[in-house]
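The values are calculated or read from the model by the stated rules, or taken from the named source; none is laboratory data. Source: prediction; values computed, not measured. A quick note on method: Cβ atoms are made from the backbone with ideal geometry, for glycine too, and the neighbour counts reach across all protein chains shown.
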């Protein structure tokens, strides 16, 4: 998954020299995407997929949500259901899904700039979404596991629309 990166809002890690050797100043960002999944019965939901490696080769951690995570506002919580991991091809794929399971369409894609996973079913991440309505958005998200597959997604106060 390649995106046009320049400076600015969604800037990737910078390269610094340490003892003459170039090293990134922070870990490489991980890809993420939100796909609108339309089912044959006419219902729809959002599949939010999280890359586990910068190249997007490992299976994607996936959540089903009712509305785009990128539209979440401060004070709101978004219920999320952890579903089976998906193939990395979904980072780029749009179209029909085999087995008459409907079709998917990309809503926006982005990069997970930081991802902290302390023990106890609680994650914190900073995501920069590209292609979101209104411009690039940087969000500081928290995910809290409620039970085996149910999670809550909510914003931290530093989140904002960045242009």
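Check the range 128-145 and report whether any residue there is part of a strand (DSSP E or B) and more than 26 Å from residue 27 (Cα to Cα). So far as the range 128-145 goes, no, none of its residues is part of a strand (DSSP E or B) and more than 26 Å from residue 27 (Cα to Cα).
Out of all the residues in the range 66-121, which are free of Cβ contacts under 8 Å to residues at least 40 places away in the same chain and assigned to a strand (DSSP E or B)? Across the range 66-121, the qualifying residues are 84, 85, 86, 95, 96, 116.
Of all residues in the range 47-66, which are surrounded by 15 or more Cβ atoms within 10 Å (Cβ to Cβ) and out of contact with any helix residue (DSSP H, G or I) (no Cβ under 8 Å at 6 or more places or on another chain)? Scanning the range 47-66 gives 50, 52, 54, 61, 62, 63, 64, 65. Is there a residue being under 19 Å from residue 154 (Cα atoms), over 12 Å from the mean Cα position of the chain (by Cα) and at pLDDT below 95 anywhere in the range 100-113? Checking the range 100-113: not a single residue is under 19 Å from residue 154 (Cα atoms), over 12 Å from the mean Cα position of the chain (by Cα) and at pLDDT below 95. On inspection, residue 148 passes the criterion of being more than 23 Å from residue 44 (Cβ to Cβ), loosely packed, with under 14 Cβ neighbours inside 10 Å and at pLDDT 90 or above. From the residues in the range 45-61 that are within 19 Å of residue 105 (Cβ to Cβ) and free of Cβ contacts under 8 Å to residues at least 40 places away in the same chain, which one is nearest to the chain's Cα centre (by Cα)? Only one residue fits best here, namely 48.
Looking only at the range 67-78, which residues are surrounded by fewer than 17 Cβ atoms within 10 Å (Cβ to Cβ) and touching a strand residue (DSSP E or B) at 6+ places or on another chain (Cβ under 6 Å)? Those that are surrounded by fewer than 17 Cβ atoms within 10 Å (Cβ to Cβ) and touching a strand residue (DSSP E or B) at 6+ places or on another chain (Cβ under 6 Å): 74, 77.
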